[in-house]
Structure formats: C-alpha cells, structure tokens
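Working notes, beginning with the structure itself.
Derivation of every value follows stated rules applied to the coordinates shown; laboratory data play no part. Nothing here was measured: the structure is a model prediction, and the numbers come from that model. Here Cβ is always computed from backbone atoms with ideal geometry, including for glycine, and neighbour counts include all displayed protein chains.
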Amino acid sequence: MTTSIHITALDGIVNVNSLFTLAVFVGLAWNPSDPSNSLVTDPNCTPTTRMAENLVAFHVYSFASFLFSSLIALGLKQAMRLNIAASFPHFSARIDPVVYYVNKTALRFGMVVSGLGSVSGCGFLMLALVNVVQIKLGSFGCGGSGHSYAAVVPLLILVPSALFIYVSLMLYAFTR
C-alpha cells in the first residue's frame, strides 16, 4: 500500500529532471569551438579541444541520466495507476484515490533507481559546467585563471553537498 505522497515525490523527480534536461539542451546548443565565446586573452590559458569534447560528452551523459530517471519515475506512476484501475474498476478515471496497493519493494527499488539517475545526471551536469568555465574563463593549468577557480570552487562545494543531503534524506525516508 502506498499513498499519494509517493506520487507527489515521483512528480517532483520528473519536474526537476525536466528543468535539468532543458538546461542540458541549452548547453548542447552552444558551440564551444567558437572563439568569440571565450573571455580568455592569455594564449597559455586557451581551452583545448579535449575540454570541448568533455563538455559535449558530459552533457550527453547528463541528458541520458535525467531521461532514465524520468522514465523510471513515469513508469512507476503508470504502474500504480494501472493497479488501482484493475483493483477498483468502479472508480472513475477522474478520481485520484489517496491510497494505492502496490508492491512496496518494487516501488522503493524504482524510486531509489530513479533518484540515483537524477544524482548521476547532476554530477555529469556539474562536470559539464566545469568545462564551460574552463572554456569561457581559461583552463586551470595556466595558473593565471583565478576567475576560473572562483567560479568552480563554489560549484564543487555546493552541488556535492546538496547531493549528499538529497541522498541522505532519500535513504532516511526509506528506513521509516
């Protein structure tokens, strides 16, 4: 048995993943090879083609992770709705009951897998943003790119911290 809280959590995963997927598409539309897209003036700090390749690869990995997570969440929601329709055929399609009868182990496994897909998507998106910073502000290896470090350090602290909190709360919720 599960409640509408699970449906709301799955809706939240799908909605957040949709926003991140939009960000990934916007990032993929940007041409990192265009020299007018960089603020780098020092030739020692010029970004390499490997940075541009990593940028595209991390965007694709991020997109795949968010899509995977969303499809799992949508599949779980559909399974719950099909189960309630089969169990209670007298309910109208417009009525959304508060309680669904589903396999709790399968639901938990699906939600954890969906959450892990979102977490990996966030990790890959963070790595893509690190490459964006190096392309726009200069590579880390040149020593004179203080702006690059200033942009990346908060990113590398805040995103993993938020992901740690998210995973901790997700695991805590499943132990209760």
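Observations on the structure shown:
- Nearest-0.05 FRET efficiency for Q78 and C142, computed from C-beta distance (R0 41 Å): 0.20
- Peptide packing for 152-160, 108-116 was compared via the average number of neighbouring C-beta atoms within 10 Å per residue; ordered from the highest value, the list is 108-116, 152-160.
- Taken along the Cα-to-beta-carbon direction at a fixed 7 Å, the label points for S168 and L156 span 2.2 nm.
- For V60 and L22, a Förster radius of 22 Å and the Cβ-Cβ distance give a FRET efficiency of 0.90, rounded to the nearest 0.05.
- Here the calculated FRET efficiency for R50 and A106, from their Cβ-Cβ distance with R0 = 45 Å, stands at 0.60, rounded to the nearest 0.05.
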